[in-house]
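Visitor: Take a look at the following structure, please.
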Amino acid sequence: MTFVRACALSELEEDTPKRVELDGTPVSVVRTEGEVFAIHDICSHANVSLSEGEVEDCQIECWLHGSAFDLRTGKPSGLPATRPVPVYPVKIEGDDVLVSLNQES
């Protein structure tokens, strides 16, 4: 599994998504509840950036229609989204947040 640097851990504010682009793939990196998650940054319902939404209870909400996606699984918790979005493996090395674009789900 190949990991690439997404950002510095020190750049991430708690519950504030950070949009990065890795090899042309938009990814939202989120620090919440003591962990760091990486989730595809485009809502499965509409072409909207999830990193513009809010994070609460380990979910990221699409600001346009209100669907929330679990940061661990990518599964939506309610309509209008019915399809999950990919989540990506994350590891921390020092202050570097590394993400693999090999999907976990």
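Visitor: Given the residues Thr16, Thr32, Thr82, which is the only one that is of a type in the set (Val, Ile, Thr) and open to solvent by 80 Å² or more (accessible area, probe 1.4 Å)? So that I can check it myself, show each step before the final result.
Guide: On the way: Thr16 fails: open to solvent by 80 Å² or more (accessible area, probe 1.4 Å); Thr32 fails: open to solvent by 80 Å² or more (accessible area, probe 1.4 Å).
Being of a type in the set (Val, Ile, Thr) and open to solvent by 80 Å² or more (accessible area, probe 1.4 Å) holds for just one of Thr16, Thr32, Thr82, which is Thr82.
Visitor: May I ask you to list the residues in the stretch 1-13 that are assigned to a strand (DSSP E or B) and open to solvent by less than 80 Å² (accessible area, probe 1.4 Å)? Spell out the reasoning first.
Guide: Filtering the stretch 1-13 down to residues assigned to a strand (DSSP E or B) leaves 4-8.
Listed by number, the residues that qualify are Val4, Ala6, Cys7, Ala8.
Visitor: Could you list all residues from the stretch 55-105 that are among the aliphatic types (A, V, I, L, M), touching a residue at least 60 places away in the same chain (Cβ under 8 Å) and part of a loop (DSSP other than H, G, I, E, B)? Even if it seems obvious, please write down each step before you answer.
Guide: Filtering the stretch 55-105 for residues among the aliphatic types (A, V, I, L, M) gives 55, 60, 64, 68, 71, 79, 81, 85, 87, 90, 92, 97-99, 101.
This time we only want the ones that are touching a residue at least 60 places away in the same chain (Cβ under 8 Å), so: 90, 92, 97-99, 101.
The answer is Leu101, and nothing else.
Visitor: Looking only at the stretch 47-74, how many residues end up being of a type outside the set (Ser, Thr, Tyr), surrounded by fewer than 21 Cβ atoms within 10 Å (Cβ to Cβ) and out of contact with any Leu (no Cβ under 9 Å at 6 or more places or on another chain)?
Guide: Here the count works out to 7.
The values are calculated or read from the model by the stated rules, or taken from the named source; none is laboratory data. What you see is a predicted model, and the numbers here were worked out from it, not measured in a lab. As a convention, Cβ positions derive from the backbone with ideal geometry for all residues, glycine included, and neighbour counts pool all protein chains shown. Heads up: the accessible areas ignore ligands, DNA and RNA and are worked out on the full protein's heavy atoms, side chains in. Shrake-Rupley method; radii C 1.70, N 1.55, O 1.52, S 1.80 Å.
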